[in-house]
Amino acid sequence: MAAGLTNWANPSSPHAEGRAARAALENARRTIATAYGWSGEALLTSGASESLAIALGRCTATRTAIGATEHDAVLRAAPNATVLPVTADGMLDLSALRDWLDADRTPALVAVQWCNSETGVLQPLAEIAAIVHAADGRLLVDAAQMPAGADPELAEQADFVALSAHKRGGPPGIGGLLVRDLAALMPTGGQERGYRPGTENVPAVLGYAAALAEPEDIDRLVMLRARLDDAISRSGGEVVANCSRRHPAIGSYRLPGAAATAQLIRLDLAGFAVSAGSACASGSMKPSHVLTAMGWADTATREVIRVSFGRATTATDVDAFIAAWRAMARATGRFAA
């Protein structure tokens with residue numbers, strides 16, 4: 001990013017400095033696409049929310065369906081979409097998906113997260129993709145939470161993929177939309193092949209590409225989350241979607257009898273930065289739409305916090321969090337260990 005700022009020039013300019021910036025931009029674009037095994041187009045955006053809005057708002061499909069547990073950005077971008085139910089374990093109801101696709105053979109777009117940003121539940125993308133493509137539909141995957149390379153089959157399953165740099169350790173305000181066929185999107189003119197107007201953010205794009213070049217230690221994250229899951233389960237808490245396949249860096253936990261807001265305050269004072277639901281919706285006083293869709297009662301949804309693990313998280317951090325969580329559990333009389 002420092003190099004991009006130091007050598008800044010508009011990559012759409014024809015002079016030598018502009019051509020150099022264009023070359024750097026295109027090299028970074030290829031790095032981002034390659035990191036996800038993508039051979040199609042890669043449009044650079046301001047982040048996953050904009051990528052989702054572009055795909056949902058400008059796909060040539062005439063009808064859209066989204067899962068009931070999708071991110072708020074999807075709900076906002078597709079207010080008229082059919083909302084498909086999920087099962088109690090947070091997985092998209094595949095029977096409902098088939099019924100919706102079979103009811104009308106007009107061109108369809110289906111949007112689903114690779115993993116839920118609140119619970120970490122991983123969707124069965126291979127099965128979903130097979131169902132959607134058998135009906136000649138298109139699949140949009142919200143992969144903001146997905147480490148590069150975590151799903152080698154993604155490039156074969158998705159028609160659109162929304163990405164976010166800051167989830168991968170890159171800078172905020174940059175992301176991407178991977179597109180299998182640009183003809184499936186209505187253009188608007190301007191930059192990014194005519195699909196997104198505005199001067200390209202070269203420094204941030206370079207930062208994104210640099211972040212993707214640093215591998216993420218998934219095995220370490222698996223062990224850290226398993227350590228926390230086990231401690232909370234044995235201490236009177238509840239691990240949300242405990243029986244589902246989940247993202248190794250996302251955990252969602254309920255402490256019965258303790259409001260999530262009170263938990264956040266106590267944990268913040270103890271030096272831990274967690275949230276109630278996804279960070280984008282954590283300021284809302286409404287029950288989590290994700291947990292509600294999974295069949296949770298309002299009271300229970302208000303006792304759940306979301307915990308994530310990053311590159312810098314250590315086993316010592318997790319043990320300290322466990323101690324702080326158990327202190328809260330003791331205060332509510334729920335500590336069971």
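Numerical summary
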| item | result |
| --- | --- |
| Using alpha-carbon coordinates, inclination of helix 94-103 to the longest axis of the chain, degrees | 40 degrees |
| Radius 14 Å from Cβ of residue 224, net charge of other residues (Lys, Arg +1; Asp, Glu -1) | -2 |
| Ellipsoid equivalent to the chain - semi-axes via the Cα gyration tensor, in Å | 36, 26, 16 |
| Volume of the Cα convex hull of the range 6-62, divided per residue and given in Å³ | 120 Å³ |
| Fraction of accessible area attributable to carbon and sulfur, the chain (%, probe 1.4 Å) | 54 percent |
| Net charge contributed by nearby residues that have their C-beta within less than 10 Å of residue 205 (K/R +1, D/E -1) | -1 |
| Square roots of five times the Cα gyration tensor eigenvalues for the range 54-93, Å | 20, 11, 7 |
| For the range 123-203, share of DSSP beta bridges that run antiparallel, in % to the nearest 5 | 60 percent |
| Nearest-20 debye value, the range 197-325 charge dipole, Cβ charges on Lys, Arg, Asp, Glu | 340 debye |
| Estimated distance in nm for a label pair at residue 242 and residue 8, the labels positioned 7 Å out from Cα along Cα-to-Cβ | 5.2 nm |
| The range 157-310 - Rg and Dmax from Cα coordinates, angstrom | 19.2, 57 |
| Pair-distance profile P(r), taking every C-alpha pair of the range 114-229, with 5 angstrom steps and integer % | 2, 10, 16, 19, 20, 16, 10, 5, 2, 1, 0 |
| 5 angstrom amide H check on residue 93, placed H, neighbours 5+ away | 86, 87 |
| Of all DSSP beta bridges in the chain, antiparallel share, percent nearest 5 | 60 percent |
| Pairwise label distance in nanometres, residue 75 with residue 60, each label 7 Å out on the Cα-Cβ vector | 3.2 nm |
| Debye equation applied to the C-alpha atoms of the range 90-159, log10 I(q)/I(0) at 0.17, 0.21, 0.24, 0.25 Å⁻¹ | -0.59, -0.87, -1.09, -1.16 |
| Whole-angstrom gap from the range 39-104 to the range 162-187, using each part's C-alpha centre | 15 Å |
| Accessible area per residue in Å² at 1.4 Å probe, computed on the range 55-107 | 46 Å² |
| Cα gyration tensor, the range 51-167 - rounded (a/c under 1.5), prolate or oblate | rounded |
| Estimated dipole of the range 62-170 in Debye, rounded to 20 [Cβ of Lys and Arg +1, of Asp and Glu -1, Cα centre] | 320 debye |
| Antiparallel content of DSSP bridges confined to the range 82-166, in %, to 5 | 20 percent |
| Shape category assigned to the range 195-254 from the gyration tensor of Cα positions, a/c cut at 1.5 | prolate |
| Local electrostatic count at residue 174 - Lys and Arg +1, Asp and Glu -1, tallied over other residues with Cβ under 13 Å | +1 |
| Prolate/oblate/rounded label for the range 1-100 (Cα gyration tensor, a/c 1.5) | prolate |
| Space enclosed by the convex hull of the alpha-carbon atoms of the range 139-197, per residue, Å³ | 85 Å³ |
| For the range 66-159, with +1 on Lys and Arg beta carbons and -1 on Asp and Glu, the positive-most of 140, 81, 115 along the dipole | 81 |
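The values are calculated or read from the model by the stated rules, or taken from the named source; none is laboratory data. As the structure is a prediction and not an experimental result, all values here were calculated from the model. Here Cβ is always computed from backbone atoms with ideal geometry, including for glycine, and neighbour counts include all displayed protein chains. The protein model used for the area step is the full one, side chains on, heavy atoms only, and it has no ligands, DNA or RNA in it. Shrake-Rupley method; radii C 1.70, N 1.55, O 1.52, S 1.80 Å.
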